[in-house]
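Novice: The following block contains the structure, expressed as structure tokens.
The values are calculated or read from the model by the stated rules, or taken from the named source; none is laboratory data. Keep in mind that what you see is a predicted model, and the values were worked out from it rather than measured. Reconstructed Cβ throughout: ideal geometry from the backbone, glycine too, with neighbour counts over all protein chains shown. Remember, those area values only see protein heavy atoms, side chains included, never the ligands or the DNA or RNA. Shrake-Rupley method; radii C 1.70, N 1.55, O 1.52, S 1.80 Å.
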Amino acid sequence: SGAITLDPGYGNTGSCQSAITFIDGEKGILRYRGYPIEELAEKSTFDEVMYLLIWGDKPSADQLAKFRAQLVEHAGLDERVKKHLEALPATTHPMAVISSVLATLSAYYPSTDDRDEDIVRLLAKFKSLVAWSYRRKKGLDYINPDPNLGYVEDFLNMMFGSYDEATVSAMHQLLILHADHEQNCSTSTVRMVGSSHADVYATMAAGVCALWGPLHGGANQAVIEMLEAIQDDGGDVSKYVTMAKDKESGFKLMGFGHRVYKNFDPRARIIKKAADKVLDALGIDDPSLDIAKQLEQVALEDEFFVARKLYPNVDFYSGIIYRALNIPTDFFTVMFALGRMPGWISQWRELRDENARIHRPRQVYIGPKQRSF
Ligand code: CMC
């Protein structure tokens, strides 16, 4: 196998060509379809970003109205989905609930010949599934979609039975910031599974599973748990920074570091500001925010983190906002999945439209030579 180039973790392997998301990790640039993330976070809605990512351009007023109407039309979920949710113990991690129930939706909504129709249906139903899984976990009655509400408002309404302006705007921004990030672990998983022509629900369920891990989307839950542990332990952030430098400890600073960003994560900058704003607007004083800021400061002045170019990533401050919005800790990564769904879908659509070859990496075999059994 001399011809095989080994690249563990695919740090230097381009797995596809893509016209969706651009990242310059040295300069801290992130753009969806050419639009800077800062501008989208400020001026666009999540509906527009979903459309932009999937279909390539900013929607016209007509296109947006049609898209929104389709999202409303498909928001309902088969009553039998409740039985799936209730068959799982209420203690099941929400990412396990979401991934497994999502994979079964093909039973009720089998794929059609119209890929774009399937896509809208999936976006609409995923939102309802997330909200219903929350209601089930809390033991609350299910709330049906309200055809008069936009995607984000309806999501909040199906979760909590109400919504307010500050929460809606924070939610749009968070979902936009999470919507795509080129070939990260879950997106590469979606492309991998999609390349076998597996059904779209199964493909997206695989993305959810990949996102769950604490080195990826699961970091947002892990960050809050870390901040709480620091607080319970007396609030000495230096102790945890020291521990993170010791490889033997097995402890890493959650929400720090990134494969591609080596100067800063532009999403983290926006989220940090948003955290201050949201907590202010909702009149919440969360000691975790102070601990997070202290931790960031101490780490950024530390030689170990400076030398390795480790900075706060998107997950570092997002959990503080989710908590302020009353989202339970083990639901944080589900929120990430809700935001990332249009990204996964856009990458899957691009892959299928170009009739991509099945993904099948090679290896360098290092096991025993032939032996006799
Ligand atoms: N705390 C302490 N040391 C770290 C950390 C950290 N959070 N991240 C990286 N390092 C060290 C790492 O040990 C290595 O040291 P050395 O060169 O001495 O061996 C060096 O920094 C380079 O790190 P790496 O492990 O080669 O980086 P990677 O590209 O393989 O992994 C990462 C990237 C994000 C998985 C990693 O930084 C990490 O585990 N961070 C904590 C989990 C996290 O916040 N994940 C969210 C990522 S962003 C959004 C998302 O994907 O959901």
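Novice: Only one of these conditions is not met by N144: (1) over 21 Å from V200 (Cα atoms); (2) open to solvent by less than 40 Å² (accessible area, probe 1.4 Å). Which number is it?
Specialist: Checking N144 against (1) over 21 Å from V200 (Cα atoms); (2) open to solvent by less than 40 Å² (accessible area, probe 1.4 Å), the one that fails is (2).
Novice: Now, a different point. Return the pair list, or none, for Cβ contacts closer than 7 Å from residues in region 164-175 that are under 13 Å from L279 (Cα atoms) to residues that are open to solvent by 40 Å² or more (accessible area, probe 1.4 Å) and not in a helix (DSSP H, G or I), at least 6 apart or on different chains.
Specialist: A166/L282
Novice: Evaluate the following for D290: is it over 18 Å from the mean Cα position of the chain (by Cα) and either within 15 Å of the ligand (Cβ to nearest atom) or open to solvent by less than 10 Å² (accessible area, probe 1.4 Å) (or both)?
Specialist: no
Novice: Mind counting the residues in region 315-373 that are of a type in the set (F, W, Y) and open to solvent by 60 Å² or more (accessible area, probe 1.4 Å)?
Specialist: Summing the residues that are of a type in the set (F, W, Y) and open to solvent by 60 Å² or more (accessible area, probe 1.4 Å) in region 315-373 gives 2.
Novice: Grab the helices (runs of 4 or more DSSP H) fully contained in region 27-82, keeping just those with 2 or more residues being touching a strand residue (DSSP E or B) at 6+ places or on another chain (Cβ under 7 Å) and in contact (Cβ under 8 Å) with a residue 60 or more places away in the chain.
Specialist: 37-43, 46-55
Novice: Here's something else I'd like to know. Name the one entry in D116, D146, D164, D180 that is of a type in the set (D, E), modelled with pLDDT of 95 or more and under 25 Å from E42 (Cβ atoms).
Specialist: D180
Novice: May I ask you to list the residues in region 306-324 that are part of a helix (DSSP H, G or I), under 18 Å from A219 (Cα atoms), within 16 Å of the ligand (Cβ to nearest atom) and not small (G, A, S)?
Specialist: Across region 306-324, the qualifying residues are D315, F316, Y317, I320, I321, Y322.
Novice: Within the group K293, K262, K277, K273, which residue is basic (K, R) and not in a helix (DSSP H, G or I)?
Specialist: K262
Residue-wise test of (1) over 30 Å from V364 (Cα atoms); (2) open to solvent by 50 Å² or more (accessible area, probe 1.4 Å).
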position: T5; (1), (2): no, yes
position: Y10; (1), (2): no, yes
position: T21; (1), (2): yes, no
position: D24; (1), (2): yes, no
position: I29; (1), (2): yes, no
position: G34; (1), (2): yes, yes
position: I37; (1), (2): yes, no
position: A41; (1), (2): yes, no
